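For reference, the structure is listed below as structure tokens.
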Amino acid sequence: MTANGSCEEVIIAGFGGQGIILAGKLLAQTAMEAGKEVTCMPSYGAEVRGGTANCMVVIADEPIASPVVASPDSLIVMSKASLNKFTSRLRSGGLLVFNSSLIDVEPQLDGSFDVLAVPADEIAVALGSPRRANMVALGAYLARRGCLGTEAAVAALPGVLAKRYHKTLPMNAEALRRGALCAVRSA
């Protein structure tokens with residue numbers, strides 16, 4: 001299933017307002033709908049919008065002992081501060097998906113890591129929906145890992161978004177699919 005055999009530990013990180021918690025909830029919901037054991041632990045900075053935000057998601061075939069992720073198998077970072085904070089925690093051989101629209105430095109990792117630069121903000125703006133960069137990055141992660149699938153996440157979207165935001169379902173679905181294309185092109 002994952003880099004760790006029957007368990008995948010993920011940290012999604014960025015700043016408040018980037019939809020980090022929503023991306024984590026969608027990943028967790030997608031895994032639950034696939035019959036996996038899941039924990040999802042969001043963390044907000046004191047300022048919320050503009051402050052730090054991260055979400056730890058654990059996906060497994062067996063019951064999960066702890067929702068805390070110390071050394072993730074995969075890391076999705078949407079800001080330079082998050083890259084600096086979490087990259088050193090990434091497990092050897094892990095996957096790093098980073099938003100190259102906002103992160104203008106190459107991560108300092110050896111060749112054992114799978115590093116995927118995704119211009120998430122640029123793609124979201126091209127789609128006419130700048131707030132969908134989180135979905136672009138998540139789509140890239142799902143396609144690269146290949147364990148849950150982008151279309152499974154698209155199907156899980158209605159269960160994660162409040163009804164008042166269901167009008168954004170097509171935009172979010174397209175952002176997930178465009179992100180997946182980034183992973184396929186760079187593979």
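Consider the stretch 83-99 and keep the residues that are closer than 22 Å to Ala180 by Cα and of a type in the set (Gly, Ala, Ser). The one that is surrounded by the most Cβ atoms within 10 Å (Cβ to Cβ) is Gly94. Of all residues in the stretch 92-106, those satisfying the criterion of being modelled with pLDDT under 95 and either touching a strand residue (DSSP E or B) at 6+ places or on another chain (Cβ under 6 Å) or under 26 Å from Glu37 (Cβ atoms) (or both) are Ser92, Gly93.
Residue count for the stretch 146-163 satisfying the condition of being in contact with a helix residue (DSSP H, G or I) (Cβ under 6 Å, 6 or more places away or on another chain), over 21 Å from Asp73 (Cα atoms) and surrounded by 15 or more Cβ atoms within 10 Å (Cβ to Cβ): 4. Within the stretch 21-46, if we keep just the residues that are over 16 Å from Ile64 (Cα atoms) and of a type in the set (S, T, N, Q), the residue that is surrounded by the most Cβ atoms within 10 Å (Cβ to Cβ) turns out to be Thr30.
For the stretch 111-129, a residue qualifies if it is out of contact with any Ser or Thr (no Cβ under 7 Å at 6 or more places or on another chain) and either in a strand (DSSP E or B) or touching a residue at least 60 places away in the same chain (Cβ under 8 Å) (or both), and the qualifying residues are Asp114, Val115. Among the residues in the stretch 87-94, are any outside any loop (DSSP other than H, G, I, E, B) and free of Cβ contacts under 8 Å to residues at least 60 places away in the same chain? Yes.
The values are calculated or read from the model by the stated rules, or taken from the named source; none is laboratory data. These numbers come from a predicted model, not from an experiment. Cβ atoms come from the backbone with ideal geometry, glycine included; neighbour counts cover every protein chain shown.
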